[in-house]
Amino acid sequence: MDKTEKLLEVSGLRVTFKTHGGEVNAVRDVSFTLNKGETLAIVGESGCGKSVTAKSIMRLVPEYIGKIAAGSIMFKGKDLVALSEKEMRELRGKEISMIFQDAMTSLNPTISIGEQIMEGIIRHQKVSRSEARRQAIEILTLVGIANPESRLKQYLHQFSGGMRQRIMIAIALVCRPSILIADEPTTALDVTIQAQIIDLFKSIQQKTGVSIIIITHDLGVVAKIADRVNVMYAGKVVESGPVRDIFYNPQHPYTKGLLASMPRLDADRSVPLSPIPGTPPDLFAPPPGCAFAARCNYALEVCRNHQPAETSVHGKHSVACWLQDPRAKKVLAVMQAPTGT
Amino acid sequence: MERKKLVQVKNLTKTFTLGKGLSLKAACDVSFDIYEGETFGLVGESGCGKSTTGRTIIGLYQPTFGEVLFDGINVHKASASERSQITRNIQMIFQDPYASLNPRMNIAEIIGEGLHLNGLYKGKERMKRVIELLEMVGLQKEHANRFPHEFSGGQRQRIGIARALAVNPKFVIADEPISALDVSVQAQVVNLMKNLQREQNLTYLFIAHDLAMVKHISDRIGVMYLGNMVEMSTSEKLYESPKHPYTQALLSAIPVPDPDLEKSRERKIIEGDVPSPINPPSGCVFRTRCPVAKAVCAEKKPVWQEVDTDHFAACHLYQ
């Protein structure tokens, strides 16, 4: 499939939250695109803004505390940021769907799963109940649930964790949206079930051509499923590019650090892990320069006071780091040499 | 040199009664030894009984059957004086660094509580010891008067480690100590645990579901499924030549952070879900999901036996 047609374009997105402690800058000037039929992974540690970015696309940032302070999210010629809530409701579930980490708290335990699947179909397609029921059965079969007719009448507690996740995927996909956003969809699952769900994502994408944005902190999952990767740190995209470039030629010290700190099954046990020292910065008062500078082994004077610009490494691979500046060549050479991924 | 068995778990069975005549066998005939100074890893998916096993070893649960010997003393039948020795020598680190620290106590009180209960380091010595422990786990003495909410997850886990080590234990049970932490912080905590082990000759029982991390930290690993130990060996052997089909599937299900390898790798994906432990399958508990199950697997429970040097498994393939 041609994966170059632009479907979604986020530019200059800034999201802030009001709290008792002051204003938090959860997402700071994030820009990226999503192409038709591709899987984009957004990775980063807790608090890096990956979920808030996804929720902003769905316009699910709670308005009484949070707001999209700047930027645009272009989808099919419309700016999602400017749409009214009513227009947004027409879009959610029909054009863009989202699934969450924990199905047990995301779905309603007192309504049968059939009703929950049919709700979206009836709302968006204005079809009869029997037609909605037919579609619900079809989608349950697609996500791999046996005996869909009898399962429709059941409630959430009658399903296992992996099955619940399949049901959430069914609800999200039933109106054939063009974008599926999955926020940590496998984090709560055991590895054997996680493997089943990842395979399900892949087969669904092949069958329906849906574009997927997957948010995760697990680089193993990213390697398995993603075409392109955005690495986020402290509310910013620090590196982005095709999955192979990110894993085999990481440029940002944070991306390198993340990859090095993960234990690998095929690694020698006697070599200690190389963690990233310290903890992420306080987003109440983000540092004026690069947010990673305080934890970075290669930080220069300029890193602490000035934001690095986004520079292209090669093709679609780009990184926001001062080490890419021609004046930092020496440091870059030192950094590339010993790690050698 | 014959290594000393610090902990011996013999035929441990723990059944929880659920009412209505139902019972749940959380751990079923589990046996293993932990040698002094080593790290024994216990892995398995949720509900496999790994935490129950850990909690029974430390004496939080009474076993339904079987026994646990610590340094030759039965943990569950110890006399009062033996009991106080055991509680000092076995300590625990918990999964959730948010729930396992009392929010109303400051760090000095949290770390010093064990010292107080055991009547160790009295008077001014106690604060000195607390500061020593804080520095040992990579925190500073200024932190002693702060409260848990002022710390990040990784720092809290360091506090939990300092608390466990305050009374100079020999044996530490770590129940999913890193699964609530971010990747880069996980590595910090694991390196800290390994360094402390070397410095203080600690013995660890490391319980986790992340096989890559367990392999990194453990000398030997036991794999559990639905209350049963299915395989046990050194971590290298277990990774290089897993014998039990469940271990093979588990290893194959873990995604590796390497896109090319992920695309080329052949995977054994096992179908279905873990059956209910209230009504486990007859014979081998894994047979309902096992790709190579035979008729005999439903009839007879496989015997736990040595299939290779220092490599044990319970599977009909090897009987």
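Taken together, the values in this text are just the output of simple stated rules run on the coordinates, not laboratory data. Remember, it's a predicted structure, so these values are computed and weren't measured experimentally. Cβ atoms come from the backbone with ideal geometry, glycine included; neighbour counts cover every protein chain shown.
Observations on the structure shown:
- For segment B:5-318, share of DSSP beta bridges that run antiparallel, in % to the nearest 5: 60 percent
- Share antiparallel - DSSP beta bridges, segment A:176-275, percent rounded to 5: 55 percent
- For A:Asn35, residues with placed amide H under 5 Å, excluding near neighbours: A:Leu7
- Per-residue HN-Hα couplings for segment B:113-119 [Karplus 6.51, -1.76, 1.60; θ = phi - 60°; Hz; x = Gly/Pro]: 4, x, 5, 4, 5, 9, x
- Cα-only Debye scattering, the protein assembly as shown: base-10 log of I(q)/I(0) at q = 0.10 Å⁻¹: -1.05
- Modelled spin labels at B:Ser264 and A:Ser84, positioned 7 Å past Cα toward Cβ, are 5.7 nm from each other.
- Here the Karplus relation 6.51 cos²θ - 1.76 cosθ + 1.60, evaluated at θ = phi - 60°, turns the backbone of segment A:316-323 into coupling constants of 8, 7, 9, 8, 10, 7, 5, 5 Hz, with x for every Gly and Pro.
- Listed peptides B:53-65, A:62-74 by packing density, highest first (mean Cβ within 10 Å): B:53-65, A:62-74
- Look at the dipole of the protein assembly as shown built from charges on Cβ: of A:Asn297, A:Gln116, A:Leu7, the Cα furthest out on the positive end belongs to A:Gln116.
- The angle between the Cα long axis of helix B:183-200 and the longest principal axis of the Cα atoms of chain B comes to about 70 degrees, rounded to the nearest 10.
- Amide H contacts under 5 Å for B:Tyr35, placed H, 5+ residues apart: B:Leu6
- Against the rule of thumb 2.2 N^0.38 Å, how large the Cα Rg of chain B comes out: 1.05
- Annotation: amide H-H contacts under 5 Å for A:Val27 (H modelled 1.01 Å from N, sequence separation of 5 or more, or interchain): A:Val15.
- A P(r) calculated from all alpha carbon pairs of chain A, with 10 Å bins opening at zero, reads 5, 24, 31, 24, 11, 4, 1 percent.
- Of the GluC sites (Glu not before Pro) found in segment B:2-64, those that fall in a DSSP loop while having at most 12 other beta-carbon atoms within 10 Å are B:Glu2.
- Inter-chain Cβ neighbour count for A:218-224, averaged per residue, equals 6 (cutoff 10 Å, partner chain atoms only).
- Listed from fewest to most Cβ neighbours within 10 Å, the set B:Tyr239, B:Tyr318, A:Tyr233 follows the order B:Tyr318, B:Tyr239, A:Tyr233.
- A simple charge model with +1 on the Cβ of Lys and Arg, -1 on the Cβ of Asp and Glu and nothing else charged puts the dipole of chain B at about 820 debye relative to its Cα centre.
- Filtered chymotrypsin sites (Phe, Trp or Tyr not before Pro), segment A:246-332: DSSP coil and at most 12 other beta carbons within 10 Å: A:Phe284
- Chymotrypsin sites (Phe, Trp or Tyr not before Pro) lying in DSSP loop within segment B:67-113, provided at most 16 other Cβ fall within 10 Å: B:Tyr98
- Within 10 Å of the Cβ of each residue in B:41-47, the mean number of Cβ atoms contributed by other protein chains is 2.
- Taken residue by residue and averaged, Cβ atoms of other chains lying within 10 Å of the Cβ of A:184-195 number 5.
- Relative to the longest principal axis of the Cα atoms of chain A, the long axis of helix A:113-125 makes an angle of roughly 90 degrees.
- Phi angles across segment B:101-107 convert, under the Karplus curve 6.51 cos²θ - 1.76 cosθ + 1.60 with θ = phi - 60°, into 3J(HN,Hα) values of 10, 5, x, 8, 9, 7, 5 Hz, Gly and Pro given as x.
- The Cβ shell under 9 Å around B:Glu236 holds other residues with a net charge of +2, Lys and Arg each +1, Asp and Glu each -1.
- Of all DSSP bridge pairs formed entirely within segment A:93-246, close to 40 percent run antiparallel.
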